[in-house]
Structures are given as C-alpha cells and as structure tokens.
Amino acid sequence: MVPVMIGIAAIVFGLMQIVPGDPAVVLLGQDATPEAVAQLRHALGLDRPLTVQFFSYLGHALRGDLGESIFQHEPVAELVFGRLPATVELALGGLLVALVVGLPLGVLAAVRRGSLFDLLSMAIAQLGVSVPVFWLGIMLMLWFAVQLGWLPAIGRGAPVLSAVGLALAGRPEVLVDSLRHLILPSVTLGTYGAALTSRMVRSSLAETLVEDYVRTARAKGVPGWRVVYVHALRNALLPVVSVIGLQFGTLLGGAVVTETIFGWPGVGQLAVKAISQRDLPLVQGTVLVIALLFSFVNLAVDLVYAAIHPRIRYK
Amino acid sequence: MKARGLPLRRVVRSYSLVVGGLMVLALFVVAAFAPYVTWAPLDQMDMGARLLPPGPGHPLGTDNFGRDMWTRIAYGARPSVLIAVVSVAASAALGSAVGLVAGYFGGWVDLVLMRIVDIFLGFPVIILALALVAALGPGPVHVSIALVAVFWTQYARVVRASALAEKEREFVEAARAAGAGPVRILVRHVFPAALGPVVVLATLGLGTAIVSESTLSFLGFGVQPPAPSWGWTLAYGMRYLREDPYLSAVPGAAIMWTVLGFNLLGDGLRDLLDPRGLSR
Amino acid sequence: MTMLRILARASLGLATALVLLLAAACGGGGGATGGGTGTGSEPGTGRALRVGLDVDAGTLDPRLAQDTSAARVANLIFDGLVQLDANLRPVPDLATSWDNPDPTTWIFHLRDGVKFQDGTDVTADDVVYTFQTILDPAFKAPNRNLYTPIQAVEAVDPHTVKFTLAAPYAPLLSYLDMGIVPKHLAEKDPEFGSHPVGSGPYKFVRWEKGNEIVLEANPDFWGGEPKIGTIEFHVVSDNTARAQALEAGDLDFIQSPLSPQDLKRLAGEPKFKTVTMTGTGYTYLNFNTKDPVLADARVRKALAMLIPQESIVHDIYQDMDKPATSILIPGWAYTDAVKQPAYDPQAAKALLAQAGWADHDGDGVLDKDGRKLSVVIATHSEDPNRTQAVEVIQNTFQANGVDATTSISDWPSFIANVQAGKYQIALLGWLNLVDPDRAMYNQLHTGGGSNWGGYSNPEVDKDLDTGRTSLDQAARAQAYQAAARIIADEVPYYILTYQGFQVVYDPALTGFVPTPTGSFRSLAGASFGK
C-alpha cells in the first residue's frame, strides 16, 4: 500500500507542477507586486528545487504530517479529517438508499422472473444506472426543494450522530432537520448503487434459485420464503457485496459531484476547491486520505465477504 | 472471438440489444447529419428570445442566448460522442496492451505494471480528471487524455486476467514451439480471447465517458464555448433553474438518452457473448 | 455562477444551517418576523442581527485582511484614523482632524479618551505601530503597496501622529480607514487575528472557522453603545443558498455578490428592503497593446464598437451592474462627458477598413496582408456572468467578420497567462477602487505593476502623476478626466460595467446606511425598530 500511496503522491505533485497558476498569486490577488509574490513563494518553500520539495513532503507525510493548507493556514490533516465525517455520512446514506431500495427490488424481481413487475423494475434499474449523477441531483433539487419546497435545497444539518444524541435529550427537531438535509444528496448518490444492486441481486438470486441445494430444500418442504431468504439469498449476496465494494470508488467519485451540487461540506468539495486554488498540500492531503479510505473500504468488503461466505469464514 | 455464429434469432430476441442499438444509431445519425436535421443557425443569438419554453419554431425552446435548443443539442452530440469514442478506444488500446504484457510475461513486469494500475485505481476518478484538465488546459483533446488516464486501468485488469489463463493453453504453447515471437503470440493468440469482455466493457464505457465529459464541461473544464456542449448548457441551466427548468432538463435528457443507449447495447452484447449469463 | 465557483467558495460554510436551526430551535420563531433568536449562551440582549457572508474571513487582523469579509468585520471591531462615507469621502474617526503643513507631511490629531476594549488607552504609539508593521515587508501585509509612499510615521505626542511621505501621495487618506490595533496586545500575540481586540463599536466574542463569527456591542464605544446587542456573521458561500436563507428567515441581511436571478426575485419582495448602488469595482476588457493585431489603437477602438454593452448588462447581468461610460467610476472624479466608443458595427467596419482590415478574399472574415483578423477573448470559468458576456462578445465579433474564439479556464491559470502578457483580450475586474488612483495608476501608467497589456502614453502618465501628487481635489479630478478621455479614445481598457452593489435586508432594521464598499460600520447606529 505504501508504494501505491507514494506513487499517488508523486503523480499529484507532478500534475500540480504542470498546472498553470501559482498559489502565491491566487493568495495575494491580481495586483500583488512581483516582489511580494516572490517573497511569499519563498516563505512557502515553493522556490526550492522540485525534488527537495517532494521528498521533504514525503518525509513529513510518512511521519503523518500532511503539512499546512496554503489558504486556510490550518493543518491539512485537521481540515481533511474535519470534513471526512460529512463525506462518510453521505456515502453511508447513499449506501443505505442503494441497499434499502436495491435489495428488495432485486429479490422480488428474481422471485417473479418474467412478470410485469420484473420488467418494470429492471427498466427502472436500467434508467438508474444511466442517469448522470449531477443531472439527477439538479432535477431532484428542482422538484423537491424548489418547486415543492419539501426538503432543503442545499447544505447539511447537524451531524446525524450528534443529532441523535440531541433527539434522545428531547430535541428531536435537530435530528429531523439533519435527516431532511441528508435525503436528497443520499438519493442522488444512492440511485446508481440501488439500480446496480437490484440488477446484481436479481441475476445472482435467479442463478442460485435453480441450484441443487435450493431445489432440495424446496423438495423437503421448506416454505418458499424461507428458501428464498435463508438459503438462496445468502449465497446470492456474495457477488453483490464484491461489486458494491468495487463500486465504492464510483460512490466516492459521485460524492464529489453530489457534494458540489448540494453544498455538502465534505472532502470532495475540499479537494476540488484545493485544486482550483492550487493549494498543493491540501490537494495532496485530500487525495491521499481518499485513497486510504478506498483501501480500507476494500478491506471491509473482504471482511463482509468472509462473514457471509461460510467457506471463507472457516478457512 | 471464436468463429461462432451469432444466430440472428438471438440477436433479435435480445431486446436490450435492439433498443440500445436503435438509440445509439439515432444518436449517431443526429450527430452526423446535424446540419440536415436542424433548421436554425447554430450560433445565431437572439437576446430578445432568451429562455423560451418549447413551442413552434423552437421544439425544445431556446437557451440563455436565445439560440435554438434543438440545434444546440443536435450539434452538441458531436463533441460528446467524439470525445467518448476516442477516449474509450485509446483506453482500450492502452489498457489491453498493458494487460497483455503484464499477464503474458508475469514476474516483475507484471508486478510493476499492476502497481501502476493500482496507483491509478487509487485515485478518486473525478479528481484525477479535474487535476489533469487543469494541468493541460481545457479543450476536447485534453479532456480525452484525462478520460484515458481514468479509464485505461479497467481494460488492463480484464485483459491481464484472460492473458494469464490463455498463455497456458496448448495452442499458445504450440505457437511458441513453432518459433512465433511474443508480439505475434499476444496479438494472434492471446488477445482474441479477451476481445469479448473488452468490447462489452468499451460499450458500457462509452456511456461513462459521455457522463464524465459532460461533468467536466459542467465544471467549466471541458469544451470551450461557443462550441455546443451539453455540459456547458447544463451548467448555465443550473443558474436558471427557477426561471427556466428546460435549460437544464433538456441537455440532461440528451446525456441520459446517450448513456442509456450505450448501456442497453452493452448489456445486450454481454448476453450475446456470454450465453450463460442470466441477466437477460 | 458555474459549479466551480460554488466549489471554490462553498466551503465549510453551508453547515451554517445547523447553527441557524439551533438558534431557531432555542428562540422559537426567529426569522424575519422578529422575536429573540439569541441562543442561551449568547451575550447581549434583544434580537441578534444575522448577516450572511459569502466567504469566511481569513483573519480578523485588519492589517492582514485579504478578503472583503475580513475587512468588513474588522471594520466593526477596530477604528481607523478615518472612515469612508457613502460617497467614499474620508470622514473623521479616531482622528478628529488632520492637516498638511506641506504636501509630503500629514498630521493627525487623535480623539481624546478612546479606549481599547481591554480598557487601555488608544495612543499615537498604537497608530505608529499599526503602520510600521504594515510597512515592514516581513509582516507580509497584503496591501502594503498602498502605503509604501509613507517614509516615516512618528508620534509627536500621545494624541498626534505625523506621516512623512517620500513624494506627494493624494490617495493616502482614502486608505487610512485601516483599523488601528493595540500595540501591547498585537506585538506579542501571533494569533492576534483570531481573537482581535480593537476600539470599535463591537467586541469579538467567538469565531467558528468557516462557519460563523459572533460580535457583541461594545458598551464603552466612544460613539455610544450600539443598540443591536449581537451580530452574527454566517458564512454561506453559495450566492443562491444565501438568498434562500434570507427568504427562509434564517438570515436578516445579505449583500453582493448575488446572482442576478435571485436579486430580481428578492427586489420584488415587499418582505425585504433592497438597496442598489454602484459599487467600487468595474468589469472590463483588457486589450493587450503589445499584441501585433491589437497594437493598432484603431483596431481596439473598432472592436470596442462591436461590444453589445447594453444587451450584456441588461440580459446577462439583469441590470444588476450598470453600463460603464468610461474608466471613471461614479464619485467625485466622475463626469459623463468622457465616453467610451458606443456599440456601432457600421462605424467599426469603417474604422477597421481604415486600419487595412477588410474582407479581401470574400470568405466573410476580415483580413489584411493575407492574415485573418483573429482574436482570442479570455476569461475565467468561476463567474458565469463573465463567461456568458464573453460568449456574447465572441458571437458579435464573429457576426461582424472578426475571427474570434474564446478561452475560458479557471482563475489561477487565467490570471497567470494575463500577468505574463500571454493574452489578446481578457475580461476581468478590479475591486475596492476607493480612489481613482487605484483604478488607473498601476493599471495604465507606463511600467505600472498591473499594466499587463503594456500600454504606454506619456500624456496619460503625466495626468496620472498629477492625480497622485496633487492635494487639490478639483485638480485631481481634472487630471483623471483628462486621462480617462485618452483611454476612452485609445482603448487599452474597455470598461464593460460598473459593478453594482446590493444589500437586501429585513426592513425592521433601521438606521443602517449602505455604502458602496460594503462597510458594516453604520450598524453601530442601527436598531430593530418595531
């Protein structure tokens, strides 16, 4: 993992060297004198040889020091980890939508293969994987926030975790507000996952339903729902889990766009803003943390996989 | 692909193939014959007729400069489709080459190449593309390069997997014994086995590429105005959401049509090339 | 506004909703209808004023203020030697009067009995310290170059400060609204900007970075205790979101930058009071006079005649900005007698023909010596009004036989190219032009620091020098008008709009006087009338 991280850091560093524009100029404004710019570049260490800059960054990063944001004068680690909960909350919201909508839809479609319900839900799923995230977000916002005014168009409420605490302390309105803010972004982000999940579950479950052990169970008189939910679904979920795990990258990529549209104060927005300001340490930091998050999620997927896969569990 | 006939009956029965194919065909026709299917001049602004809703003369209304929206959409298909096709073809070529070499030679070659793939896979997609376009500057060529950087890894992985399986096969051994060089073996004997998955991946990838391109344009990093661009129109549309929802709805629908078409086509192709698949 | 702009600015701020809701939850009601919205922990009494900011302040140390939020919030905490009134004229603040024994000497007499919020006296030493730190290059004050003509600042006695200039420098007074910081606190505290102490009408309470800043009334303010006990500044970066927060009753007060569409809607709302005025900035086209094609003033002038200014201002800016008549911004140096070339394609064609550009080969594009008349119009992607304006200009150029293309990139790339002289025509803006010197000197004087297009005219140089050094306002106005007349004729700059400045607030707020600089200072005398 470390070599991959170093590689990522090197590419980001290289890219940010090619990008035209200078953080010192952005920071000082268009009327800054060349001397002031030179002075600031020196203070930021941007006038050192590139190799020195890179290896000094790397040395610090390996010791857990991601440097300081050029624009926000705060440690990058603080900024990124401060924003991370919002992104994780959004990603989990998206995942929840994906599972809550995708699973039942897929199961029902598989059980009633060939029915009108099957046809309709798969058509919807096809639409779901085809709709561009940013357009879906805009349309949802237009309809539910602007036209109907049911949900807030933009922003995040209190963190759901702390809002739950407040709700227990007798202040449920904060939690309600948090959830209201969370709905549209989660649906936007989760639609692709829901569509994908329902398709995967359907085809995977349809496949297991014709396997020998399921037929045996049926023959032994196990009730139909038990066959589906206990015997077949568990095995059918295996490929689903790995696909969803692989799709987490798409989910995080989608999170960048979703955060942009809904003004969700997460890491994705932070990264894009950092690029637009040429805030090199912050770009580096956000990309590295997201990449790390990525590999942790892959690890988690492996664990879940093992949990629902008996053979792996007992190995 | 093995010399296995594709029974016409199966092609027709796969309605996703047919529907997707027709949608994509319609798209290509509109893009190719844009001057013949539209009647308003592409760049003629009419500030007095801004943001008109659909109506006679303007079937899809007008944009924020009073230009005919249908014309903008039809011409806008060109950069979108072109960038998607070029970037997917280049991604497939690059990824396949890397995958073949890594899978066939194995050892440290494989190790190094796959590490590079891992590095690119570790990036958040949009951020890598954004940083690349910021570095290279906007414009269709640079956007294509950015998309290649994002997408080539999938092909490398898929092709490597089948190269690994294929290189142990007898006919490959036989070719090697007969003195065929590695390039010849890779191209003639190993790659054909991976072609099916690559074609399916590429078809589905076209949809993703269209969305990515319009996302970049939407963020101000894609095609330069006044070139017609679905992403740009959509980005402006965001600002006029209350006054004129059409301005964002129409280009969004165009993007969705395109992606849906390529996805259906890709699904259909997968069924066709993988008869075991139950996803029909 | 493109998404990128939102990205660029919608940072931590949108979480503001939380705070707003907490406030609403505690106070019940809230919103435009009034009622106590202060949370229990909030100091001060009565209704708090909730102000929307577009960006968080980078610091609250006025000497280091970079962004408008920093300058405007610091302006409530600190006093300057002077303040700028609604007509941008300097009026007494800490200094009750000033005089010039000679053109390079300024003597300021300080108000008696003014105390910092920690109870210590404001003395001449604090003024000296403030300006000495600004002038020290190591301190890295962003606006240092505005003060560099100052050669020395001395305390004559505890209530008198003397500025000695290297050369006469008339604009200085307009920049002396800089907040005066307490020497004894600021000099030993590197974090002074995070918990500032000044002598102004409001005291710093707390600052949650990226989210909110809270101030409370200073009961010992020399001008009398402000009536509004608490001011909360909430950062809501997205312009539309900020407008919606006002509409939803979560904010009482917002101001530019706002989207034209939102502004149009809010202005029609009787629930809010909307004040529109000309701000202190202009949006302009910068012609690179070093470019082979644009070196010819006739070509620049002709191209200026091809800019549909009315339509851009009306249709794209929705009249939020005003069509500019010249480089002179409305104010004491303004006259409508100086006029830039007006939109006139016929005259443009004639002028281009005079310069040798005509459609000789009949391809619909003007050419000269076998070369097409090609120009690239550049701007940055963050401001959708500018990208749309560029699109309209490109279209009009094209329609009139000029082979025009656009180049739109993000701000850092764009400004890097412009500063390096790698552009033909660039659309951008200048802000905070509180004195004509600031709108013209660096931009158009030969060798000026921001004269990226390499414009040079000895006549203009002379006028700008006069404007800078003369202490007679009438003479200065005359000099700037003379320079503006030449600039309007030679078109190194074509001023597209005078940027509008809008304030939208709850009409219950009375006594507030909006100024083009966006100053909050008059909130010190404002109140919520019932």
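The values are calculated or read from the model by the stated rules, or taken from the named source; none is laboratory data. As the structure is a prediction and not an experimental result, all values here were calculated from the model. Here Cβ is always computed from backbone atoms with ideal geometry, including for glycine, and neighbour counts include all displayed protein chains. Just so you know, the surface numbers come from the protein's heavy atoms only, side chains and all, with ligands and any DNA or RNA stripped out. Shrake-Rupley method; radii C 1.70, N 1.55, O 1.52, S 1.80 Å.
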**OP:** Among the numbered conditions (1) farther than 22 Å from C:Thr133 by Cβ; (2) buried (at least 21 other Cβ atoms within 10 Å of the Cβ); (3) among the aliphatic types (A, V, I, L, M), tell me where C:Val55 comes up short.
**Re:** (2)
Original post:
For the stretch B:49-57, does any single residue satisfy the condition of being more than 10 Å from every other protein chain (Cβ to nearest Cβ), farther than 30 Å from B:Arg169 by Cβ, surrounded by 22 or more Cβ atoms within 10 Å (Cβ to Cβ) and of a type outside the set (D, E, K, R)?
Top reply: no
Original post:
Could you say which residue among B:Ala74, B:Ala89, B:Ala131, B:Ala97 is within 14 Å of chain A (Cβ to nearest Cβ) and either in a helix (DSSP H, G or I) or of a type in the set (A, V, I, L, M, F, W, C) (or both)?
Top reply: B:Ala131
Subject >> Pair list, Cβ < 6 Å and 6+ apart or interchain, from the stretch C:186-213 residues that are more than 14 Å from C:Thr230 (Cβ to Cβ) and modelled with pLDDT of 95 or more to residues that are surrounded by 20 or more Cβ atoms within 10 Å (Cβ to Cβ) and aromatic (Phe, Trp, Tyr) >> reply: C:Pro196/C:Phe204; C:Val197/C:Phe116; C:Gly198/C:Phe78; C:Ser199/C:Phe116; C:Gly200/C:Phe78
Original post:
Is at least one residue of the stretch C:448-470 more than 13 Å from every other protein chain (Cβ to nearest Cβ), touching a helix residue (DSSP H, G or I) at 6+ places or on another chain (Cβ under 6 Å) and small (Gly, Ala, Ser)?
Top reply: yes
Subject >> Selection status of A:Val80, among the β-branched types (Val, Ile, Thr) and within 13 Å of another protein chain (Cβ to nearest Cβ) >> reply: yes
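Residues being hydroxyl-bearing (Ser, Thr, Tyr), surrounded by fewer than 19 Cβ atoms within 10 Å (Cβ to Cβ) and more than 17 Å from C:Asp177 (Cα to Cα): count how many of those fall in the stretch C:496-523.
The number of residues fulfilling the criteria is 1.
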Subject >> Where C:Trp411 falls short, out of the listed (1) open to solvent by 10 Å² or more (accessible area, probe 1.4 Å); (2) of a type outside the set (Gly, Ala, Ser); (3) more than 14 Å from chain A (Cβ to nearest Cβ) >> reply: (3)
Subject >> Exclusive hit being farther than 30 Å from C:Lys209 by Cβ and within 11 Å of another protein chain (Cβ to nearest Cβ), set C:Asn239, C:Asn286 >> reply: C:Asn286
**OP:** Quick one: in the stretch A:121-144, of everything that is open to solvent by less than 20 Å² (accessible area, probe 1.4 Å) and under 21 Å from A:Ser178 (Cβ atoms), which residue is nearest to the other protein chains (Cβ to nearest Cβ)?
**Re:** A:Met141
Original post:
For the stretch A:249-288, how many residues are part of a helix (DSSP H, G or I) and either farther than 17 Å from A:Val187 by Cα or away from chain C (no Cβ under 14 Å) (or both)?
Top reply: 26
**OP:** Please state which one of C:Thr164, C:Thr160, C:Thr120 is touching a His at 6+ places or on another chain (Cβ under 7 Å) and open to solvent by less than 40 Å² (accessible area, probe 1.4 Å).
**Re:** C:Thr160
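Among what's in the stretch C:178-201 and is outside any loop (DSSP other than H, G, I, E, B) and among the aliphatic types (A, V, I, L, M), pick the residue that is nearest to C:Ala71 (Cα to Cα).
In this case the residue turns out to be C:Ala186.
Looking at the stretch C:519-530 only, could you name the residues that are of a type in the set (Gly, Ala, Ser) and touching a helix residue (DSSP H, G or I) at 6+ places or on another chain (Cβ under 6 Å)?
Selection gives C:Ser519 alone.
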**OP:** Can you tell me which residue within the stretch C:130-148, out of those that are more than 14 Å from every other protein chain (Cβ to nearest Cβ) and in contact with a strand residue (DSSP E or B) (Cβ under 7 Å, 6 or more places away or on another chain), is surrounded by the fewest Cβ atoms within 10 Å (Cβ to Cβ)?
**Re:** C:Gln132
**OP:** Would you confirm whether any residue within the stretch B:254-271 is open to solvent by 30 Å² or more (accessible area, probe 1.4 Å) and of a type in the set (Asp, Glu)?
**Re:** no
**OP:** Would you tally the residues in the stretch C:386-405 being open to solvent by less than 20 Å² (accessible area, probe 1.4 Å) and either more than 9 Å from every other protein chain (Cβ to nearest Cβ) or free of Cβ contacts under 8 Å to residues at least 60 places away in the same chain (or both)?
**Re:** 9
**OP:** Would you mention how many residues in the stretch C:252-271 are touching a residue at least 24 places away in the same chain (Cβ under 8 Å), within 22 Å of B:Arg239 (Cα to Cα) and part of a loop (DSSP other than H, G, I, E, B)?
**Re:** 4
**OP:** Have a look at A:Ser186, A:Ser203 and point out the one that is of a type in the set (Ser, Thr, Tyr), modelled with pLDDT of 85 or more and not in a loop (DSSP other than H, G, I, E, B).
**Re:** A:Ser186
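Among A:Ala167, A:Ala110, which is within 14 Å of chain B (Cβ to nearest Cβ) and of a type in the set (A, V, I, L, M, F, W, C)?
Matching residue, one of A:Ala167, A:Ala110: A:Ala110.
This table checks each residue for (1) closer than 23 Å to C:Asp437 by Cβ; (2) surrounded by 23 or more Cβ atoms within 10 Å (Cβ to Cβ).
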| position | (1), (2) |
| --- | --- |
| C:Gly279 | yes, yes |
| C:Phe287 | yes, yes |
| C:Lys290 | no, no |
| C:Arg300 | no, yes |
| C:Ile316 | no, yes |
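Residue-wise test of (1) assigned by TED's automatic domain parsing to the domain that holds C:Trp411; (2) modelled with pLDDT of 95 or more; (3) outside any helix (DSSP H, G or I).
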residue	(1), (2), (3)
C:Ala426	yes, yes, yes
C:Gly449	yes, no, yes
C:Leu464	yes, yes, no
C:Leu471	yes, no, yes
C:Ala479	yes, yes, no
C:Ile495	yes, yes, yes
C:Pro516	no, no, yes
Subject >> Leading residue by the ranking (surrounded by the fewest Cβ atoms within 10 Å (Cβ to Cβ)) among those in the stretch A:42-77 that are away from chain C (no Cβ under 14 Å) and of a type in the set (Ser, Thr, Tyr) >> reply: A:Thr51
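Name the residue that is least open to solvent (accessible area, probe 1.4 Å), counting only residues in the stretch B:134-147 that are free of Cβ contacts under 8 Å to residues at least 12 places away in the same chain, within 10 Å of chain A (Cβ to nearest Cβ) and in a helix (DSSP H, G or I).
B:Ala135
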**OP:** Check the stretch B:106-117 and report whether any residue there is at pLDDT 85 or above, open to solvent by less than 20 Å² (accessible area, probe 1.4 Å) and under 25 Å from B:Val85 (Cβ atoms).
**Re:** yes
